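Peer 1: This is the structure, below, for whatever I ask next.
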Amino acid sequence: MNNLHNAPHQLQFTVSKKQVSKKNVLKTSILYDKVERSANLSVNPYKAELIKDGFSSFELNIINNAYLNDKLIFKNNIKKYNDSELELKITVYKNSELKKDIICKATFGYILEKAS
């Protein structure tokens, strides 16, 4: 198995009124749901190798808030892929014309069935 692969899917969305608090900040639960959805899309080709559906470890580091009408881009990279595990890193960026601010970084770990 290769040790480094690029995840095939990217998710993008624009923060809507239904997804923000009274202060127009993206709700953490919405961000988490989008990050998890992005992870699921990326590991879908490996589903047959996973011991169980879902991840075995998870880490989410929120760096900046996202606000109403922000355009968010999710970049996924598989950092580790071997006989026993798969590690997926996700970085969420706010896409603006001047720069790309990092909103959060997440890591998902998955346990794989050992090949016979």
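The values are calculated or read from the model by the stated rules, or taken from the named source; none is laboratory data. Quick caveat: nothing in here was measured; it's all calculated off a predicted structure. A quick note on method: Cβ atoms are made from the backbone with ideal geometry, for glycine too, and the neighbour counts reach across all protein chains shown. Areas reflect the complete protein model, heavy atoms only, side chains present, ligands, DNA and RNA absent. Shrake-Rupley method; radii C 1.70, N 1.55, O 1.52, S 1.80 Å.
Peer 1: If you take the residues of segment 17-45 that are under 18 Å from Asn82 (Cα atoms) and either β-branched (Val, Ile, Thr) or buried (at least 16 other Cβ atoms within 10 Å of the Cβ) (or both), which of them is farthest from the chain's Cα centre (by Cα)? Spell out how you get there, then give the answer.
Peer 2: Filtering segment 17-45 down to residues under 18 Å from Asn82 (Cα atoms) leaves 39, 42-45.
Imposing the further condition that a residue be either β-branched (Val, Ile, Thr) or buried (at least 16 other Cβ atoms within 10 Å of the Cβ) (or both) reduces the set to 39, 42-43.
Numbers: Ala39: 5, Ser42: 9, Val43: 10 Å.
Ranking the qualifying residues of segment 17-45, first place goes to Val43.
Peer 1: List pairs: first residue in segment 87-107 and assigned to a strand (DSSP E or B), second residue crowded, with 19+ Cβ neighbours inside 10 Å and small (Gly, Ala, Ser) anywhere in the structure, Cβ distance under 7 angstrom, at least six positions apart or on different chains.
Peer 2: Correct list of pairs: Leu88/Ala7; Leu88/Ala39; Leu88/Ser42; Ile90/Ser38; Ile90/Ala39; Ile90/Ala106; Lys94/Ala66; Ile103/Ala66.
Peer 1: Within segment 13-33, count every residue that is part of a strand (DSSP E or B) and closer than 17 Å to Lys75 by Cα. Spell out the reasoning first.
Peer 2: At the first step, the residues of segment 13-33 found to be part of a strand (DSSP E or B) are 13-14, 20, 25-26.
Now narrow it down to the ones that are closer than 17 Å to Lys75 by Cα: 13-14.
Residues meeting the conditions: 2.
Peer 1: Suppose we filter segment 74-86 for residues that are touching a residue at least 60 places away in the same chain (Cβ under 8 Å) and farther than 14 Å from Ile30 by Cα; how many remain?
Peer 2: 9
Peer 1: Inspect segment 70-78 for any residue being open to solvent by 30 Å² or more (accessible area, probe 1.4 Å) and either hydroxyl-bearing (Ser, Thr, Tyr) or not in a strand (DSSP E or B) (or both) and give the result as yes or no. Show your work before the answer.
Peer 2: So in segment 70-78, the residues open to solvent by 30 Å² or more (accessible area, probe 1.4 Å) come out as 71, 75, 77.
Next, from what is left, pick out any that are either hydroxyl-bearing (Ser, Thr, Tyr) or not in a strand (DSSP E or B) (or both): none.
Checked against the condition, which is being open to solvent by 30 Å² or more (accessible area, probe 1.4 Å) and either hydroxyl-bearing (Ser, Thr, Tyr) or not in a strand (DSSP E or B) (or both), segment 70-78 yields no hits at all.
Peer 1: Condition first: out of contact with any Asp or Glu (no Cβ under 8 Å at 6 or more places or on another chain) and either of a type in the set (Ser, Thr, Tyr) or open to solvent by 50 Å² or more (accessible area, probe 1.4 Å) (or both). Now tell me which residues in segment 79-94 satisfy that.
Peer 2: Applying the first criterion (out of contact with any Asp or Glu (no Cβ under 8 Å at 6 or more places or on another chain)) to segment 79-94 yields 82-85, 87-92.
Matches in segment 79-94: Asp83, Ser84, Glu85, Glu87, Lys89, Thr91.
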